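The values are calculated or read from the model by the stated rules, or taken from the named source; none is laboratory data. This is a predicted model, so every value here is computed, not measured. Please note: Cβ atoms are built from the backbone with ideal geometry, for glycine as well, and neighbour counts cover all protein chains shown. Side chains are part of the model used for accessible areas, which takes the heavy atoms of the whole protein and leaves out ligands, DNA and RNA. Shrake-Rupley method; radii C 1.70, N 1.55, O 1.52, S 1.80 Å.
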Amino acid sequence: QDEEKWDFVLVSDIHEVGSVKETKRKKFLDELSKKGFTIKKIEDKKLFYGVRAPKQIFRKYQWLLRNPDSRLQNPDAHHEIPVTTRMRIVNFILQNTVTSDLEKLHHLMKKKVFEAAFPLHEKEEVREFLKERWARWRDIFCHQPIEKIRCYFGEKVALYFAWLGWYTYLLGIAAVAGLVVFVAGITVFNSSQVSKEICEASNTIMCPLCDQKCPFWLLSDTCTYAKVTHMIDNEGTVLFAMFMAIWATVFLELWKRQRATVVTDWDLYRWDEEEEELAMELINNLQHEPRQYQHSYFRSTIILLLVLVMIIVLIGIAHALVIYRVIATALFTQSDSEFLREQANTMAVMTGAVLHYITIVIMTKVNRRVALFLCELEKPRTFSQHENNFTVKIFTFQFFTNFSSLIYIAFFLGRINGHPGNYVRIAGKWRLEECHPSGCITDLFIQMAIIMILKQTISNVMEYLVPWVAHKLRKRQRPKKRSMMLGEEEEAEDPCKRQWLSNYQLGEVNFFSLFDEFLEMVIQYSFTTIFVAAFPLAPLLAFFNNLFEIRLDAIKMMRLRRRIVPRKANDIGIWLQVLEAIGILAVIGNGLVIAITSDFIPMQVYKYTYSPCMTENSTGMDCSTGYINHSLSVFRIQDFEPYTQPGLAPTGLCCRYRDYRNADDYSYTVQFWHIFAARLAFLILFEHVALCVKLIAAWYVPDVPKSVKNRFRERKHSNLRKEL
């Protein structure tokens with residue numbers, strides 16, 4: 001039985017005898033034979049080579065690392081080495097075996113000498129257990145068997161699922177809080193004084209929204225929009241933003257504890273990747289010289305400049321989206337359909353958001369190419385270094401791809417567009433967009449909602465359907481061929497053949513398979529924390545998405561893809577630093593949204609300085625009475641630019657627009673500077689308080705639970721006692 005276990009399978013096309021490819025293939029397989037590998041060949045439409053490593057390789061490994069799998073045993077008692085470790089060592093040797101032409105396996109794969117190399121999904125009980133109890137949609141609310149995942153896929157994959165499960169578990173708390181804030185918004189703030197004033201302002205005439213043919217309009221026309229805005233933009237949101245900034249910290253601190261607990265049971269807490277790598281190099285080749293660490297300032301500078309160029313391109317794309325929205329608004333306002341004319345702004349924002357989603361999908365592919373190219377330039381020393389460099393670059397690019405448009409809407413929209421009679425224009429022709437009189441936060445809400453919903457529905461459906469359909473198609477091509485083969489030759493079929501073929505027909509996996517899942521989750525984490533003040537439902541959407549994501553990834557790994565080469569790890573690696581960076585960005589982002597995007601600060605300033613409560617001491621009325629009138633400035637119609645042709649002029653000679661400017665020379669009023677100072681003061685206060693709370697939380701929750709430390713001491717103590 002044991003003799004029939006093969007560590008790896010290499011697949012190649014059937015080449016002509018004597019061709020260059022065939023010679024190269026033979027040279028590579030000869031090198032493996034020299035190292036004592038057993039090789040078995042099976043011919044079908046392709047050539048399959050099963051590879052089994054000799055036992056002494058694993059003995060050397062165990063001896064060199066005295067690894068936790070065999071501590072304190074006498075060297076002759078060979079304990080079974082875990083399957084995942086076997087695969088890792090064999091994969092390392094395959095990747096680093098050099099032929100006489102100085103070519104390694106990845107060179108041969110590029111030259112199409114070999115087509116694939118993969119470990120096999122074995123029929124073992126762990127696999128059956130995972131298939132039944134983990135990779136099923138019906139287990140969506142069940143606990144994940146992390147220990148079993150580790151036995152089958154190695155530590156790195158197990159840590160990914162442990163992290164994802166923990167993240168989803170804590171998202172549940174954030175989701176409930178977000179839902180409460182949102183529902184409170186719907187119930188309480190429908191009756192807010194500000195939206196009441198907007199709905200009753202049937203004689204406040206507003207300036208036209210575009211240059212040609214746009215009518216003057218009444219403020220009361222936008223009654224529903226105002227109600228929606230105050231549903232999102234209220235005191236509850238400020239508290240929720242604070243809560244999410246703290247949640248992000250607590251989540252990471254608790255994850256560190258969780259990880260320490262998980263990893264201790266695996267005996268990997270003090271595991272050293274470098275030592276492991278050197279040991280494998282020496283097992284593969286005794287004459288091996290370790291590669292030196294290198295650092296070149298020249299190369300780093302070049303890479304930094306190229307990264308900056310890429311970021312500028314990504315910001316340029318965000319600008320293109322802004323220009324699209326401006327032109328779309330202008331075209332919609334001139335269209336024949338009344339609905340489009342009235343909803344021009346909302347339509348432009350919505351189509352802009354869909355376009356933004358499409359650019360995200362396209363740029364993700366481009367970003368990956370660029371990041372890979374930059375990593376090649378850097379020539380990192382080890383695989384994990386390569387992975388870290390790649391992670392940081394692609395996350396930076398993805399961050400700008402996903403967020404530059406949102407940053408514009410949150411902080412620049414409606415703040416850089418001038419005022420009636422002196423608008424800022426694109427190419428001297430199109431006016432920049434304005435915010436709605438009840439605030440910009442709804443635009444941000446719409447954009448966030450569309451992107452998150454599209455990302456989570458379309459992307460997930462594609463992520464599952466593409467491998468699933470491909471798998472079904474490959475399965476359909478299989479049976480005919482088998483029956484024909486049996487018809488031709490009456491000999492018994494090799495049991496390996498069926499297994500190797502079925503494994504070969506599964507989807508490919510590569511270095512990115514797990515990386516992609518991580519990247520997707522980390523970007524989602526950014527969405528749920530950075531602009532959460534504008535979109536309190538983000539954690540809820542993320543929570544439901546993740547319940548499916550866990551099972552979706554499990555089904556892909558177990559049923560639709562070849563087995564991932566197991567990797568050892570005792571942490572989620574560089575992703576932890578990325579998540580910490582997002583936590584800090586979340587504090588800054590939410591502080592800015594409340595201080596700049598939302599109307600929270602201008603309203604507080606009005607309540608405590610200019611409102612009737614303060615000036616007339618009338619206690620019976622709502623303090624925000626008169627806020628809308630206070631926040632609109634007056635514009636004289638004769639001051640319009642000569643080439644604008646607004647619709648029919650109203651009876652009065654003035655129209656109103658949203659800003660704090662004087663009526664005579666359109667300079668800023670004292671209130672503007674007062675509010676500006678209040679915004680800055682709030683921002684500084686919010687960030688400092690939130691960062692202090694983050695630091696206190698980080699100090700309050702120890703990274704490693706005491707029970708873990710104690711278990712360590714006891715283990716060391718008993719080991720030393722045994723030695724004595």
Expressed as a whole-number percentage, the relative contact order of the range 8-120 with C-alpha contacts under 8 angstrom and at least six residues apart is 41
Quick one: of Lys156/Lys709; Lys34/Lys556; Lys123/Lys256, which pairs are farther than 27 Å apart, Cα to Cα? Lys34/Lys556; Lys123/Lys256
In this structure, the FRET efficiency calculated for Arg59 and Phe712 from their beta-carbon separation, with R0 = 30 Å, to the nearest 0.05, is 0.60
How long is the chain along each principal axis, judged by its Cα atoms, biggest number first, in Å? 98, 64, 55
If I model a spin label as a point 7 Å beyond the Cα along the Cα-Cβ vector, how far apart are those points for Asn460 and Thr615 in nm? 5.2
Which peptide among 272-279, 322-329, 107-114, 157-164 comes first, and what is the full order, when sorted by highest mean count of other Cβ atoms within 10 Å? 157-164, 322-329, 107-114, 272-279
Residue separation times 0.36 nm, minus the C-alpha to C-alpha distance between Glu16 and His295: what's the value? 95.9 nm
Test of understanding: express the Cα radius of gyration of the range 171-256 as a ratio to 2.2 N^0.38 Å, with N the residue count. 1.56
Using +1 at the C-beta of Lys and Arg and -1 at the C-beta of Asp and Glu, which of Leu32, Ile14, Phe58 has the Cα lying farthest in the positive direction of the dipole of the range 8-120? Phe58
Summing Lys, Arg as +1 and Asp, Glu as -1, what charge do residues with Cβ under 9 Å from the Cβ of Lys24 carry, Lys24 excluded? +2
Set of aspartates and glutamates with alpha-carbon distance to Lys27 below 13 Å, sequence-local pairs under 8 removed: Asp101, Glu103
Net charge near Asn460 (other residues with Cβ under 12 Å of its Cβ; Lys, Arg +1; Asp, Glu -1) is -2
For Lys26, solvent-accessible area (1.4 Å; no DNA, RNA or ligand), Å²: 120
Which Cys in the chain stand alone, with every other cysteine's Cβ at 4.7 Å or more from theirs? Cys142, Cys151, Cys375, Cys496, Cys654, Cys692
Please work out how much length the chain gains when fully extended from Leu695 to Asp267, using 0.36 nm per residue of separation minus the C-alpha to C-alpha distance, in nm with one decimal. 151.1 nm
Zone reached by a paramagnetic label modelled 7 Å from Ser667 Cα along Cα→Cβ, restricted to the range 624-640 with backbone N below 19 Å, covers 633-636
Could you please put Ser611, Ser296 in sequence from largest to smallest accessible area, using a 1.4 Å probe? Ser296, Ser611
Please report, largest first and rounded to whole Å, the three semi-axes of the ellipsoid equivalent to the range 8-120, where each semi-axis is the square root of five times an eigenvalue of the C-alpha gyration tensor. 31, 14, 11
Enter the accessible area of Lys429 (Å², nearest 10), with the probe set to 1.4 Å and all protein chains included. 130
Solvent-accessible area of Phe411, probe 1.4 Å, all protein chains present, reported in Å² to the nearest ten, please. 30
Output the relative contact order of the range 406-466, whole-number percent, from Cα pairs under 8 angstrom with separation of 6+ residues. 32
Note down the nm distance, to one decimal, between modelled labels 7 Å out along Cα→Cβ at Ser337 and at Ser502. 5.3
I'd like to verify something in the chain: which complete DSSP H helices, judged by Cα projection on the helix axis, reach 18 Å or more and average at least -1.0 on the Kyte-Doolittle scale? 83-96, 155-188, 235-265, 297-333, 344-378, 383-411, 441-454, 460-476, 512-529, 538-555, 575-592, 670-700
How much of the accessible area of the range 8-120, probe 1.4 Å, is carbon plus sulfur, in whole percent? 53
List the relative contact order of the range 604-724 as a percent without decimals, with contacts defined as Cα pairs under 8 Å and 6+ residues apart. 16
Of the beta bridges DSSP finds with both residues in the chain, what % are antiparallel, to the nearest 5? 90
In what sequence, largest accessible area first, do Phe531, Phe298, Phe339 appear using a 1.4 Å probe? Phe298, Phe339, Phe531
Less than 11 Å Cβ to Cβ from Arg561, Lys/Arg counted +1 and Asp/Glu -1: what total charge do the surrounding residues give? +2
